[in-house]
Amino acid sequence: MQSMTSVPLSWYLILSAILFALGVAGFVIRRNLITVFMSIELMLNAVNLSFITFSYQLKQVDGHIFSFFVMVVAAAEAAVGLAIILTVFKNRSSLQIDDISSMKY
Amino acid sequence: MDAILFLIFATIAVLCAINLVVQKHPISSALSLIGVMASLAVLYLLLGGEFLAAVQLIVYAGAIMVLFVFVIMLLNAGAERRSNRSLMATLFGVPLLAAFLALVAYVIQRGLPPTEGVYFGGFTQGTPRAIGRVLFTQYLLPFEVTSVLILIAIIGAVVLARKEI
């Protein structure tokens, strides 16, 4: 009865893989520091979807907990990362990663 | 009904993600990312993660993305310059990405054992009560370590935002 309306598990995993691959592509292609950072967030979201899908399949809540921790780490990472971006912009007055290729001077 | 909802929101998520990668202006990318996160929250709901769907909207689409948009507007970030990209990269990049995704989809389809499909209501452990119970008993130590991590992040942000680095 449920097979009429149910979605195959693999669709969720494939969607997660597509989103992760797009995140990697954005990370490599884009030249703006903030957009690169947003691509990382996209990858984290894709991984969260995988965690929750497996949590559904195994009928255990552990995947939700992991996903929750990933969100916490992402929030901390966003705070520190954006502070770093602000500092970089203050020193170089540019957000292009081509201009920020050297570590010092 | 489940399949229709999944297809609608999966399509929105993928289109928004493509838009994120393609757009030149960071604010367009940020708005696309909010679209991805909101549609992923619907998919979490379909998978039985009520608590995580709410947290996804409040923490991710709310707090983190507001931070991003705030920084983009503070720095007055304009559209990015085109860098001199090689012809080969533009020619082969997209087909190779599509081929890679097709390979991953094939492996996932073949590698998974035959399972029952996902239907709404098939998993009822995602309530705040169930998550809180596991979080404060089995995962108490990671939870406490997370608070230290957040404290370090706060200190790091304050140190980085000071005048002279």
Checklist entry - Does any residue of region B:76-85 turn out to be touching a residue at least 24 places away in the same chain (Cβ under 8 Å), surrounded by 13 or more Cβ atoms within 10 Å (Cβ to Cβ) and either among the polar types (S, T, N, Q) or within 8 Å of another protein chain (Cβ to nearest Cβ) (or both)? => result yes
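Each row is one residue, and each column tells you yes or no for (1) in contact (Cβ under 8 Å) with a residue 12 or more places away in the chain; (2) over 22 Å from A:Ser10 (Cβ atoms); (3) surrounded by fewer than 16 Cβ atoms within 10 Å (Cβ to Cβ).
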site	(1), (2), (3)
B:Ile8	no, no, yes
B:Ile12	yes, no, no
B:Leu33	yes, yes, no
B:Phe51	yes, yes, no
Checklist outcome for this item: If we ask which residues in region A:40-71 are within 7 Å of another protein chain (Cβ to nearest Cβ) and either over 21 Å from B:Leu31 (Cα atoms) or not hydrophobic (A, V, I, L, M, F, W, C) (or both), their number turns out to be 13
Checklist entry - Going through region B:100-158 one residue at a time, which ones are assigned to a helix (DSSP H, G or I) and among the charged types (D, E, K, R)? => result B:Arg110, B:Arg129, B:Arg133, B:Glu144
Checklist entry - What are the residue pairs meeting all of these: first residue in region A:11-30, first residue modelled with pLDDT of 90 or more, second residue outside any helix (DSSP H, G or I), Cβ atoms under 8 Å, and 6 or more apart or on different chains? => result A:Tyr12/B:Leu47; A:Tyr12/B:Val118; A:Leu13/B:Leu112
Item to check | Scan of region A:68-105 for residues that are aliphatic (A, V, I, L, M), surrounded by fewer than 17 Cβ atoms within 10 Å (Cβ to Cβ) and assigned to a loop (DSSP other than H, G, I, E, B), ordered by number | outcome: A:Ile97, A:Ile100, A:Met103
Next on the checklist: Checking the structure you have, find out if any residue of region B:145-152 is among the polar types (S, T, N, Q), more than 7 Å from chain A (Cβ to nearest Cβ) and either more than 30 Å from A:Asn32 (Cβ to Cβ) or touching a residue at least 12 places away in the same chain (Cβ under 8 Å) (or both).
Outcome noted: yes
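The values are calculated or read from the model by the stated rules, or taken from the named source; none is laboratory data. On a predicted model such as this, the values are computed, not experimentally measured, just so you know. When we count neighbours, we look across all protein chains shown, and the Cβ atoms used for this are built from the backbone with ideal geometry, even at glycine.
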